[in-house]
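Contents: one structure, followed by commentary.
Rule-based calculations on the coordinates, nothing more; no lab input. Here the structure is a predicted model, which is why all the values come from computation and not from measurement. Cβ sites come from the backbone with ideal geometry, for glycine too, and all protein chains shown count toward neighbours.
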Amino acid sequence: MTVKNICCLGAGYVGGPTCCIIAQQCPEIKVTVVDKSADRIAAWNSEDLPIYEPGLMEVVSQCRGRNLVFSTDIEAAIRSADLIFICVNTPTKTFGMGQGKAADLKFVELAARMIAETAEEGSGLKIVVEKSTVPVRAAESIGNILRHNIKPGVSYQILSNPEFLAEGSAVEDLLSPDRVLIGGEETDAGRSAISALADVYLNWVPKDRIITMNTWSSELSKLAANAFLAQRISSINSMSAVCEATGADVSEVAEAIGRDTRIGPKFLKASVGFGGSCFQKDILNLVYISECLNLPEVAEYWSQVVSFNTFQRSRFSRRIIECLFNTVTDKKICILGFAFKKNTGRVAKGDTRESAAIYISRHLMEEGANLSIYDPKVSKGQVRIDLEDSENPERFDKLVSCHLDPYTAASEAHAVVICTEWDEFLTLDYKRMYESMRKPAFLFDGRKMLDHEQLGKIGFHVETIGRRLNRRNIERTWN
């Protein structure tokens, strides 16, 4: 089977960029991305895309109107498609069994039912590809829905093809993936469907990077990959706490262990912790699966990765308070960066999902601090959504201000806190910033990205992750 028409259900962070790259690399395939949100589709058809990714606008401009279509006509796209990607949201359940851990698959189920209802009699084989992150055996559920609502002359093959995109580098990740996983049934029909999807990727991905396996291995591999990456971050962050207590430098420790070829250097940079939509959600999903499989020790092991991430954030917040003479009440603290990482954005704003800045800001607000926030992509409206207390909404306006300029945000502040590693923070005029701040002026580098020696020469009292707290300097300043 040769794929000629692709339909993608969901024009979000996964479906949009993925299908843009497929359209660019496969000009002979018509790619239609559909979504129920007319506003989102309108944004994809404009010059102001609904998500921000370096290089994405250039790809869209090249393909849109040629073989790339963004539409709200979902039924027409499904009817004409040989291959259908399911790229819908899979949030964590907020109520019921598995609350706070299990993935909510209601949108996946709705997508499967829509395919079954829309497919026309006699339309032949349709390959349905599960691309959203889902628990193991979710493809089996999709298959059950489709096969119990089958029409004459229609057949389905369900594949798992998980995404491995990092926000801020999605285009690069899609163009040069470490691997492409395709899972399917271990039957002739299943292997034929796997081959058809593999042929799409072979237009630009080397054959040795396309890995085929059974469906359930593919589904679990996605959860396992994110869990292992998050584990490395929590591991080096645990070492940062030991370093601060002993006088070791976590950067030096990370370099030393990263030189071990069995370990490698990636994801060994200590920080205020991981954020984003994937790591915590996928680990909690893995915890829930382990609990359901009666594997409590496995569940406990992975839950500790999330627990330590929470501890790292609160530990950093406590360090800020301790350095500021054990009180931040009515003190102005400048937060630089509110997105969970640099170069991120969805729905035309910075992505703040599970951002460390949210947790640090909430902790400081509980202690009575006045927060002055600057982020090049995050709007005041998004900051309000993340920090406003529904039971006491006026507290946000009393304690939080958002700024369009980092120097204005830092003016008269007692401390500056770096929460996101935006490149522009590397080139700020910190001497100008220091001169406008209250003295002693503190700078807390939660991303270990600045020249701390130079900042010290300017006059800042600098604190960072994984380096011993200089109590003598604090005591000298206090006295």
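Cα centroids of the stretch 267-341 and the stretch 58-132: how far apart, whole angstrom? Cα centres, the stretch 267-341 to the stretch 58-132: 32 Å.
Only alpha carbons enter this Debye calculation for the stretch 309-385, each as an equal point scatterer, and the log10 of I(q)/I(0) it gives at q = 0.20, 0.22, 0.25 Å⁻¹ is -0.86, -0.99, -1.18. Scanning residues 5 or more positions from residue 85 or on other chains, those with amide H under 5 Å from its amide H are 7, 8, 9, 129, with H placed 1.01 Å from N in the peptide plane.
Put in order of Cβ neighbour count within 10 Å, fewest first, the listed residues 56, 443, 293, 324 become 293, 56, 324, 443.
Amide H contacts of residue 417: 334, 335, 336, 444, each under 5 Å away and 5 or more positions distant or on a separate chain (H built 1.01 Å from N in the peptide plane; Pro and chain starts excluded).
In order along the stretch 9-15, the Karplus-derived 3J(HN,Hα) couplings, from 6.51 cos²θ - 1.76 cosθ + 1.60 at θ = phi - 60°, round to 8, x, 9, x, 5, 7, x Hz, and Gly and Pro are given as x. Each principal axis of the chain carries a Cα extent, and these read 85, 47, 44 Å when sorted largest first. Per the Kirkwood definition applied to all pairs of different Cα atoms, how many angstroms is the hydrodynamic radius of the stretch 57-166? The answer is 15.4 Å.
Order of 128-138, 27-37, 189-199 by packing, highest average Cβ count within 10 Å first? Don't jump to the answer; show the numbers that get you there.
Working: 128-138: 22.3, 27-37: 19.6, 189-199: 18.1.
Ranking, from highest mean packing down: 128-138, 27-37, 189-199.
Restricting to Cα atoms and excluding each atom paired with itself, what does the Kirkwood estimate give for the stretch 358-410 in Å?
Details: mean 1/r = 0.0885 Å⁻¹.
Evaluated on the stretch 358-410, it is 11.3 Å.
At the listed q of 0.22, 0.23, 0.25 Å⁻¹, the Debye profile of the stretch 367-456, built from one uniform point per Cα, gives log10 I(q)/I(0) equal to -1.20, -1.28, -1.42. Each residue of the stretch 83-94 was assigned a 3J(HN,Hα) from its phi angle through the Karplus curve 6.51 cos²θ - 1.76 cosθ + 1.60 (θ = phi - 60°); the sequence is 10, 10, 8, 9, 10, 9, 6, 10, x, 6, 4, 9 Hz, with glycine and proline shown as x.
Antiparallel DSSP bridges in the chain: what percent, to the nearest 5?
Details: 4 of 55 bridges.
Within the chain, antiparallel bridges account for around 5 percent of the total.
Computed over the alpha-carbon atoms, the stretch 159-289 gives an Rg to Rh ratio of 1.07, Rh here being the Kirkwood radius from the mean inverse distance. Distant-in-sequence amide contacts of residue 126, defined by a placed amide H-H separation under 5 Å and a gap of 5 or more residues or a different chain, comprise 155, 156, 157.
Here residue 36 is the anchor, and the lysines within straight C-alpha reach of less than 23 Å, apart from those fewer than 8 places off in the same chain, are 93, 106, 126, 131, 349.
Ranked by how many other Cβ atoms sit within 10 Å of their own Cβ, fewest first, the residues 363, 148 fall in the order 148, 363.
Counting alpha carbon pairs within less than 8 Å and at least 6 residues apart, what relative contact order, in whole percent, applies to the chain?
On the way: 912 pairs, mean separation 60.4, N = 479.
Once divided by the residue count of the chain, the mean separation gives 13 percent.
Its Cα gyration tensor gives the stretch 251-390 an equivalent ellipsoid; the semi-axes, largest first and in whole Å, are 29, 20, 18.
Here the extension length gained between residue 1 and residue 217 equals 75.3 nm, from 0.36 nm per residue of separation less the Cα-Cα distance.
For a quick check: sort 292, 8, 63 by the number of other beta carbons within 10 angstrom, fewest at the front. Please list the in-between numbers first.
On the way: 292 14, 8 29, 63 21.
The most exposed by this proxy come first: 292, 63, 8.
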